[in-house]
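A short worksheet on the structure shown next.
The values are calculated or read from the model by the stated rules, or taken from the named source; none is laboratory data. Small disclaimer: the values here were computed from a predicted structure and weren't measured. Virtual Cβ from ideal backbone geometry, glycine too; neighbours counted across all protein chains shown. For accessibility, only protein heavy atoms count, side chains too; no ligands or nucleic acids. Shrake-Rupley method; radii C 1.70, N 1.55, O 1.52, S 1.80 Å.
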Amino acid sequence: MAALLALQLPLLLAGRVARRWVYSLRAGVFLSVIIFVVNLFTSSVYSAIALTLRFLVLLTTFSLFFMTTSPDDLGLAIDKIGFVRWLSRKWLGYPNALYLFRRVRNYVPILIPLLLIAIKRSLELAEALESRGFPGKEGRVSLFELKLGRADYGLILASLGGLSVSVWVFLQHYHVPLV
């Protein structure tokens, strides 16, 4: 985990967002201290360190993504894959979404309101896009066309390589009991 955190530092410097990332860590450090202390009392020191580093890696990854991706590009990508329409059909197509969420007991109670707010805002975004001439009909064109470049393909290959190494390490060092 520490290596993953260290691998993101050059990306923060290349994206010229290192100073903004340090400011975003102020609240994250407080939460990571809470995570460390709680896990220190409930499990081992190694587990507490691992979970704290995992939280910091997630915080850094999402900070890096949202600090380097413009809202316009993100909106174009979401619109291109039809995520908003899919999400609204999948989750709000049910008669009572709260009933569905109550049936799933493995979710942390804080995630339910956050997910409902995210769905509501995604529908508002879809309505706003439709009112501005983005009806989602076939054959429409965007002002900017998203294309993958060499750096994108390189990042995809590096990610797949890292995933392959992670799976290999897991399979070599951890024995999963077969039931």
- Message: Restricting to the stretch 140-179, give me the number of residues that are over 21 Å from the mean Cα position of the chain (by Cα), modelled with pLDDT under 85 and under 22 Å from ASP72 (Cβ atoms).
- Response: 7
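When you scan the stretch 1-85 for helices (runs of 4 or more DSSP H) that lie fully inside it, which ones turn up with 2 or more residues that are in contact (Cβ under 8 Å) with a residue 60 or more places away in the chain? Give the steps one after another, and end with the answer.
Values: elements: 2-14, 18-42, 45-68, 71-81.
Those helices (runs of 4 or more DSSP H) span 71-81.
What residue, among those in the stretch 32-83 that are of a type in the set (Ser, Thr, Tyr) and farther than 24 Å from LEU9 by Cα, is most open to solvent (accessible area, probe 1.4 Å)?
Initial filter on the stretch 32-83 (of a type in the set (Ser, Thr, Tyr)): 32, 42-44, 46-47, 52, 60-61, 63, 68-70.
This time we only want the ones that are farther than 24 Å from LEU9 by Cα, so: 42-44.
Working: THR42: 104, SER43: 49, SER44: 57 Å².
This residue is THR42.
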- Enumerate the pairs (first residue in the stretch 117-130 and under 13 Å from GLY75 (Cα atoms); second residue anywhere and open to solvent by 80 Å² or more (accessible area, probe 1.4 Å)) with beta-carbon separation below 7 Å, excluding pairs fewer than 6 apart on the same chain, so at least 6 apart or on different chains. ALA126/ARG85
- So is ILE112 open to solvent by less than 70 Å² (accessible area, probe 1.4 Å), at pLDDT below 75, in contact with a Phe, Trp or Tyr (Cβ under 8 Å, 6 or more places away or on another chain) and of a type in the set (Val, Ile, Thr) or not? yes
